[in-house]
Amino acid sequence: MIVFLRKYQLLCLIVFLINSIAISAQSYKKDSLQIKSYTLIEYRQNEVKDVKLIKVLCDYCTDFQKEAIGVEAMRRAKLESYDPVNKMKEGDKKLAIYIRIAKKDFAAIIEED
């Protein structure tokens, strides 16, 4: 009888844990947006000469939101320029930067007068 109770308790514990994990797990697609931007990094003599924003792809953004996303994309491109995978001796490196942002944080990007 004791063995049966232990097995039953263990089974209940496993079901409870699996259920709590399934309830707490959310997909990032439900509460966030993914915005794509293109940047260009110019390398001259193994040094970063310039980082430029080419385009922010966002159909539902205002101009101010595109500008804010562009600033973040340039910051991330500057950080990516130090990655050995992206480094070049001479030339231009084009990067696609994906920015994932929560919907409520995106809505908070408004122009203040």
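The values are calculated or read from the model by the stated rules, or taken from the named source; none is laboratory data. Treat the numbers as computed from the prediction; the structure is a model and nothing was measured. Positions of Cβ are backbone-derived with ideal geometry, glycine not excepted, and every protein chain shown enters the neighbour counts.
Scan the stretch 93-109 and give yes if some residue there is in contact with a Cys (Cβ under 9 Å, 6 or more places away or on another chain) and part of a loop (DSSP other than H, G, I, E, B), otherwise no. Yes - at least one qualifying residue is present in the stretch 93-109. Do we have any residue at all in the stretch 17-40 that's assigned to a loop (DSSP other than H, G, I, E, B) and modelled with pLDDT of 80 or more? Checked against the condition, which is being assigned to a loop (DSSP other than H, G, I, E, B) and modelled with pLDDT of 80 or more, the stretch 17-40 yields no hits at all. Residues in the stretch 50-58 include at least one that is outside any loop (DSSP other than H, G, I, E, B), farther than 15 Å from LYS36 by Cα, hydrophobic (A, V, I, L, M, F, W, C) and touching a residue at least 12 places away in the same chain (Cβ under 8 Å).
Considering (1) in a strand (DSSP E or B); (2) out of contact with any helix residue (DSSP H, G or I) (no Cβ under 7 Å at 6 or more places or on another chain); (3) not hydroxyl-bearing (Ser, Thr, Tyr), the lone condition that MET74 does not fulfil carries the number (1). Comparison of ILE97, ILE110, ILE2 shows that the only residue that is of a type in the set (A, V, I, L, M, F, W, C), touching a Phe, Trp or Tyr at 6+ places or on another chain (Cβ under 8 Å) and modelled with pLDDT under 90 is ILE110. Do we find that LYS89 is surrounded by 13 or more Cβ atoms within 10 Å (Cβ to Cβ) and more than 16 Å from LYS36 (Cβ to Cβ) in this structure? Here the answer is no, as LYS89 does not meet what is asked.
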